[in-house]
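Engineer: Below is one structure. I have some questions about it.
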Amino acid sequence: MAMLRRLLGEFRRRFSIQIEIPDQPDALRMAFANTLQMVAARGRLVLVLDALNQIEDRDGALDLVWLPPVIPANMRLIVSTLSGRPLDDLSKCAWPILTVDPLEAIERETLIIDYLKQFAKQLSGPHRKRIAAAQQSANGLYLTTLLNELRLFGSHEELDQRIGWYLEAAGPLELYRKVIQRWERDYEDRGPESEDIVGESLNRLWAARRGLSETELLESLGKDGSPLPRAVWSPLFLAAADSLVNRGGLLTFAHDFLARRFGKPTCPRSPISSARTAPWLATLAMDSRVSASWKSYLGNSPRLETGRVLASCCSRVHSSKHCGR
């Protein structure tokens, strides 16, 4: 799995140890367990792995088959996850478990101050208290996403109205609908090259389940054989930076809420309902990463759309050694 390869590569670089990084899952898991022992022999180590629930569900990854049964004595492993298979498996290990409760009102107000201070920004007392009093702000992701939007809002006179507009969202999923609307308003009116840049960018990232390099993304968004200019892409990329993550050189969604919001078939610009998704996937050279994208797309598409895609692209998929029957 990609996470273990990244960890092994980082261990090799940081600790100057000579290790091979296998391709096969079983060999990769064994190499990870052995490398932890090698690294721990050099001193104390704290390893933090966040959001195990977002690991790709393949080769038993969500069931934590890659996690060594014995952790070196001078190593501390800290992991986080939502409820689901990873938590079920961790509960069997008899490890200490800390449940992260929703933020209390005083904690929310402290977070508002500290978060905005990073950007030399602040909110008035009444605005802070209004946001902190909203029950949905007990969710840390909701609150930081809202604050990130407000720090970019330029009209002080309309700030109270804008806060109210965002607080109409009952949770992160609904909030991201508003965030996407704001991106569309701010970044799709900058000339012909920026037309539908938000919808098409999210389309590509959703469909490419294991991520895209920035070069691949720009090439896919370009026209007439030329990639999309970085000057057009960069403003949107900077605005969406907190919602994206770079995993081994591949950009993808940082968490499930944006992917779920955009991946809903009822979303007007969803890649499931977009007529452009299948033709774009059909231009990619078939490998295991592209095969995973096809599998996800076809598995979520309405039956008629699935039939159309299969009819137009079956020869390409059928000829690939990565695709089953």
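Read-outs throughout are calculated quantities, based only on the coordinates presented, and are distinct from any laboratory measurement. Bear in mind that the values here come from a model prediction, so they are computed numbers and not experimental data. Because the Cβ atoms are built from the backbone with ideal geometry, glycine has one as well, and the counts that use them run over all protein chains shown.
Engineer: Order the peptides 169-176, 120-127 from the highest to the lowest mean number of other Cβ atoms within 10 Å of their residues.
Structural biologist: Per-residue Cβ counts within 10 Å, averaged per peptide and sorted highest first, yield 169-176, 120-127.
Engineer: First select every other residue whose beta carbon is under 10 angstrom from the beta carbon of residue 21; then total the charges, Lys and Arg +1, Asp and Glu -1.
Structural biologist: Neighbour charge sum, excluding residue 21 itself: +1.
Engineer: Treating the beta-carbon of each Lys and Arg as +1 and of each Asp and Glu as -1, no other charges, what is the dipole magnitude of region 1-99 about its Cα centre, to the nearest 20 debye?
Structural biologist: Here the size comes out at about 540 debye.
Engineer: Okay, moving on. Taking every pair of alpha-carbon atoms in region 29-115, give the share separated by more than 15 Å as a whole percent.
Structural biologist: 67 percent
Engineer: Compute the separation of the alpha-carbon centres of region 56-79 and region 175-204 and state it in Å as a whole number.
Structural biologist: 38 Å
Engineer: Just the C-alpha atoms of region 135-236: what Rg/Rh do they give, with Rh taken as the Kirkwood radius?
Structural biologist: Over the Cα atoms of region 135-236, Rg/Rh equals 1.03.
Engineer: Return the equivalent ellipsoid semi-axes of region 105-168 as a descending list in whole Å, where each equals the square root of 5 times an eigenvalue of the C-alpha gyration tensor.
Structural biologist: Semi-axes from the Cα gyration tensor: 16, 14, 11 Å.
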